[in-house]
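To start, the structure itself, in structure tokens.
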Amino acid sequence: MKKILKIMAMLLVISTVVFAAGCTEGAEPAGNETPEDSEQVPPATPDTSGTTEETVTENITTENNTTENNTTENNTTENNTTEANETVETGQIVTEADNGTSISLENGENFTLQLGGNPTTGYSWELNVSEGLSILSVDYIQDPAPEGYTGVSGIYTWVIQAVDPGTQQVDGIYKRSWENTTGTEDNFTLTVEVE
């Protein structure tokens, strides 16, 4: 019975995303919206250097590549926004190939973490960073989809800043949020040495 309820919930979420994408297709942007062909800046996360751990989750509408980001800390949720003219320095790029390795940064320097995923399957990356790191932005970009295809994978991107010297840690797990952790999930770890 639980499996049937999970399947029904997943189908409801998928149909809602497809319906919402269909409703926005071909719509003209309002005066305060950004046209599709202009550059968009991903939202920034507020400075969390006073906390010991930060968990970032995201709700994603894949059809138009839009992302709503939330930072969850101590059972409070806060929506993140960025000024339209603010740019974020991306620094060196770290990918799944760097899993289990370490990098060195100067204090205040940024790096970009890119991990593949497909949120239409219900899976997403849950990322935790130590207090000496701050997530400045989170984004998801779907890969190009052939006509008539839905559920295409893409790339999750985080821009992370070193805010305190010392050995810092990035830990990620790729799982469905409603399922218990079993130990068989894909994981990502990175040690960041901040000078």
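Tabulated results
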quantity: Length-normalised contact order of region 93-194 in % [C-alpha pairs under 8 Å, at least 6 apart]; calculated: 37
quantity: Descending principal axes extents, region 135-181, alpha-carbon based, whole Å; calculated: 49, 27, 12
quantity: Carbon and sulfur %, accessible surface of region 93-194 computed with the full protein complex present, 1.4 Å; calculated: 46
quantity: Cα-based Rg of region 93-194 normalised by 2.2 N^0.38 Å, two decimals; calculated: 1.15
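The values are calculated or read from the model by the stated rules, or taken from the named source; none is laboratory data. Everything quoted here is computed from the prediction, not taken from an experiment. Ligands, DNA and RNA are stripped out before the accessible areas are found, and what is left, the full protein with its side chains, is counted by its heavy atoms. Shrake-Rupley method; radii C 1.70, N 1.55, O 1.52, S 1.80 Å.
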